[in-house]
Amino acid sequence: METVTTKPRDQEQTKTKPREAHSLCNLKYNKSDEELERESKKRKRKSQLSISSTTSDIEYQDSVSKENMGENSKIAEMIQVMKEVLRDKDVSDSLVSQFREECKSLIEETRKEIIEIVDEKIEVVEMAASTQNDRIKALEKWADNADQEARSMNLIIRGLTTTNSQTEEELITHVATTLSRKLDAKILPNDIRFVIRLGKDKNDNNTRPIKVAFHERRAREYIYKKRGMLKGTNIWLCDDLTAKRSKLAYSARQSAKQKEAFKTWT
């Protein structure tokens with residue numbers, strides 16, 4: 001009786017599996033060879049491109065160097081010619097004189113330009129100073145007008161004898177009484193706002209100028225119009241002027257005394 005041995009299926013499958021793995025390895029090996037061939041071709045192309053580029057660069061550099069050499073040779077020839085020309089004394093002297101003349105003309109032109117610039121700057125500064133002076137004069141005039149307007153209700157009495165012992169109230173009464181009597185007018189102490197003695201004290205009985213300030217312009221104008229009645233007395237009335245206008249009025253009076261002016265008034 002013959003015995004038959006059977007192999008299990010799992011063992012058969014294990015024997016067949018190595019063959020499949022071997023075939024897969026061959027495929028992988030074949031694919032890597034193809035890739036290697038492609039890479040080698042790419043490298044050859046790159047090497048050819050690099051060789052061509054380097055040759056073109058070398059050719060360009062050669063052409064540039066040739067051009068530079070040509071220019072350098074031209075410059076050298078020009079320098080040589082200039083040296084030969086300068087060796088001639090007449091030529092060198094003429095060049096030196098020409099150079100001197102050009103320097104002189106350049107210096108003269110520069111000097112003129114500097115003078116023009118300085119003149120323009122001076123003109124600008126003078127215009128600014130003139131404008132500033134005009135503004136100062138305008139402000140001075142405005143201040144003088146404002147000061148004179150503030151003095152418009154005042155009068156200056158000269159020649160009126162007073163004493164230093166008099167109080168302000170007594171002095172106001174004395175001024176009102178004297179003006180009423182001399183001008184034949186009714187002037188009350190209430191019409192006067194204040195009085196101020198001007199100048200320095202000389203003695204107890206003196207005739208220092210007195211500034212009289214009125215409450216109303218009407219009273220001041222009424223008294224000032226009657227000032228002609230004080231002729232022949234030692235008392236006279238005048239406007240309360242600013243320092244600038246007082247100097248101008250004094251100069252005008254001096255001109256009238258010297259008959260340089262016919263009449264003066266304020």
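Since every read-out is calculated from the coordinates, none of them should be taken as a lab result. This is a predicted model, so every value here is computed, not measured. Note: ideal-geometry Cβ built from the backbone for every residue, glycine included; neighbour counts use all protein chains shown.
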Compare the peptides 126-136, 181-191 by average per-residue count of other Cβ atoms within 10 angstrom and give them in order, highest first.
181-191, 126-136
For an R0 of 45 angstrom, estimate the FRET efficiency from the Cβ-Cβ distance between A146 and E123 and round to the nearest 0.05.
0.85
From Cα pairs below 8 angstrom and at least 6 apart in sequence, can you work out the relative contact order of region 125-266, rounded to a whole percent?
29
Taking every pair of Cα atoms in region 153-240, average 1/r, invert it to obtain the Kirkwood radius, and report Rg/Rh to two decimals.
0.93
What order, most packed first, do the peptides 208-220, 108-120 have when packing is the mean number of other Cβ atoms within 10 Å of each residue?
208-220, 108-120
Surpassing 26 Å at the alpha-carbon level, of the pairs K186/K211; K182/K211; K200/K247; K141/K226; K137/K225; K211/K244, are K141/K226; K137/K225
Set the Förster radius R0 to 41 Å, insert the Cβ-Cβ distance between E170 and Q258 as r into 1/(1 + (r/R0)^6), and round the FRET efficiency to 0.05.
0.50
Region 188-229: equivalent-ellipsoid semi-axes (sqrt of 5 x gyration tensor eigenvalues, Cα, Å):
24, 13, 8
